[in-house]
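Written below as structure tokens is the structure these notes are about.
The values are calculated or read from the model by the stated rules, or taken from the named source; none is laboratory data. This is a predicted model, so every value here is computed, not measured. As a convention, Cβ positions derive from the backbone with ideal geometry for all residues, glycine included, and neighbour counts pool all protein chains shown. All accessible areas refer to the heavy atoms of the entire protein, side chains included, with ligands and DNA or RNA removed. Shrake-Rupley method; radii C 1.70, N 1.55, O 1.52, S 1.80 Å.
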Amino acid sequence: MLCEDEIHPSRRAILGAAGALFAWSFAPRYAFAASGRDPRLVVVVLRGALDGLAAVPPVGDPAYVPLRPGLALPTSGDGAALPLDGFFGLHPAMPNLARLYRTKQAAIVHATATGYRERSHFDGQDVLESGQPRPGLTQSGWLNRAIALLPPGERIAARGALGIGAIAPLVVRGPAPVLGWAPQGLQQADDDVARRVLQLYDEREPRLAAALRQGLDTSRMATASGLGALRPRSSPADPEGMALIATGAAKLMAAPDGPRVAALALEGWDTHVNAGGATGQLATRLGGLDRVFAIFEEELKPVWRDTVVVVMTEFGRTARVNGTIGTDHGTATVAFLAGGAVNGGRVIADWPGLGANRLFEGRDLAATTDLRAVLKGVLVDHLGLDARPLAETIFPGTLALAPMRGLVG
């Protein structure tokens, strides 16, 4: 349930949800349920490059602590990493994920990245969400294209895609109209669209509808007065905003006639300065993400056994701490999978090591697992897609990259 101070989201969060619902109402209505199930798939994009070595520290690697003075987590005492498998730990801000891991409902893929090897946020996010081998090749996302490949089936399992973020995530964009949230306010909106959005929220979540009305009115007043963007109270970069976004998406996905696929974009993972160890800015955001897992588990309880939540980011961060007690743009990172359908309780890693001669270009955790293989595995085993179209249409040029099977139990 939302507490009273959680029903006043920022204009960004409100109108991101508005755009999501608009996109859902116009997205293709294809359906396919692998093995007769009614699966849900949530893709969470962490914008800014999550520090995988902080989120899932390799406490068993002898080079870990020397590389990270001021940031490395201990294995015991205050601020200790939560134990996973003896070699890897989990940031103490993520007890919900640790619980899901222990009950084999969460898995972690470490030392993973897309095929992108530069360090531009814009280009890295483009490759991550488009599924293309390099940036700038398309304006559609791999999840949108995957939905379009799902054939009609006996059960209507997928009802289009729900996309929520500061701008509707590229991963769910495609030929269908998508209306996104931006600091300037609602773009390409008219009264008919606004009425449709409000009607959908009135039917599903009246309290969020009230917040949406307030946000739409605020946006119009700000535009009319020339004030532009207002200072947000919450956003997709803080735990309150993350919780609101997750709650709204989960409630819609739980409805019998709601969307089965969703993409959320959470901001603020670019920790160049004062990242913090067991506490601090990164710990705060990891705690917000941990709450997102708990919200989806609670709201989707009746269908949790057929749910997969995938968390991904554009690239990792440097192995070494920089001069401002943060980390800079890197290469490999972690991906999280959670849900009742996940074959969990394990960290999946071909660990490259953190020794000086093992770092990519002498500075980054080297990528040993292609994230696209992970995503392919989820699409094959959870949504029932064929492997060949994945290599031709969803992730072009990856015919030699086999889906990672067995991620979904």
For Gln139, the lone unmet condition from (1) closer than 26 Å to Leu244 by Cβ; (2) of a type in the set (S, T, N, Q); (3) modelled with pLDDT of 85 or more; (4) surrounded by fewer than 24 Cβ atoms within 10 Å (Cβ to Cβ) is (1)
With respect to Thr284, is the statement that it is assigned to a loop (DSSP other than H, G, I, E, B) and either buried (at least 24 other Cβ atoms within 10 Å of the Cβ) or at pLDDT 90 or above (or both) true? no
Quiz item: Leu82: open to solvent by 30 Å² or more (accessible area, probe 1.4 Å), under 23 Å from Glu297 (Cα atoms) and either more than 21 Å from the chain's Cα centre (by Cα) or modelled with pLDDT under 95 (or both), yes or no?
Solution: yes
Scanning segment 88-112 for residues that are over 19 Å from the mean Cα position of the chain (by Cα) and surrounded by 15 or more Cβ atoms within 10 Å (Cβ to Cβ) gives Phe88, Gly89, Pro92, Arg99
Within segment 381-409, of all residues that are open to solvent by 20 Å² or more (accessible area, probe 1.4 Å) and touching a Pro at 6+ places or on another chain (Cβ under 7 Å), the one farthest from Arg305 (Cα to Cα) is Gly397
Only one of Ala367, Ala335, Ala341 is of a type outside the set (Phe, Trp, Tyr), touching a residue at least 40 places away in the same chain (Cβ under 8 Å) and farther than 18 Å from Arg117 by Cα, namely Ala341
Of (1) touching a residue at least 40 places away in the same chain (Cβ under 8 Å); (2) in contact with a Phe, Trp or Tyr (Cβ under 9 Å, 6 or more places away or on another chain); (3) assigned to a loop (DSSP other than H, G, I, E, B), Ala93 fails just (2)
Exactly one of Glu297, Glu314, Glu361 is open to solvent by 10 Å² or more (accessible area, probe 1.4 Å) and under 22 Å from the mean Cα position of the chain (by Cα), and that one is Glu297
Matching residues in segment 236-275 (more than 13 Å from the chain's Cα centre (by Cα) and open to solvent by 20 Å² or more (accessible area, probe 1.4 Å)) number 11
Could you go through segment 259-266 and let me know if any residue there is of a type in the set (Lys, Arg), at pLDDT below 95 and touching a helix residue (DSSP H, G or I) at 6+ places or on another chain (Cβ under 9 Å).
yes
Scanning segment 378-396 for residues that are assigned to a loop (DSSP other than H, G, I, E, B) and at pLDDT 95 or above gives Phe395, Pro396
With criteria (1) within 25 Å of the chain's Cα centre (by Cα); (2) closer than 22 Å to Pro239 by Cβ; (3) open to solvent by 50 Å² or more (accessible area, probe 1.4 Å), Ala54 comes up short on (3)
Restricted to segment 119-136 and to residues being in contact with a Gly (Cβ under 8 Å, 6 or more places away or on another chain) and within 27 Å of Gly276 (Cβ to Cβ), the residue most open to solvent (accessible area, probe 1.4 Å) is Arg119
Considering segment 330-356, residues that are of a type in the set (S, T, N, Q) and part of a loop (DSSP other than H, G, I, E, B), and then whichever is least open to solvent (accessible area, probe 1.4 Å), we arrive at Thr331
Exercise. When you look at Ser120, is it of a type in the set (Ser, Thr, Tyr), modelled with pLDDT of 95 or more and either under 20 Å from the mean Cα position of the chain (by Cα) or closer than 25 Å to Gly248 by Cα (or both), yes or no?
Worked result: yes
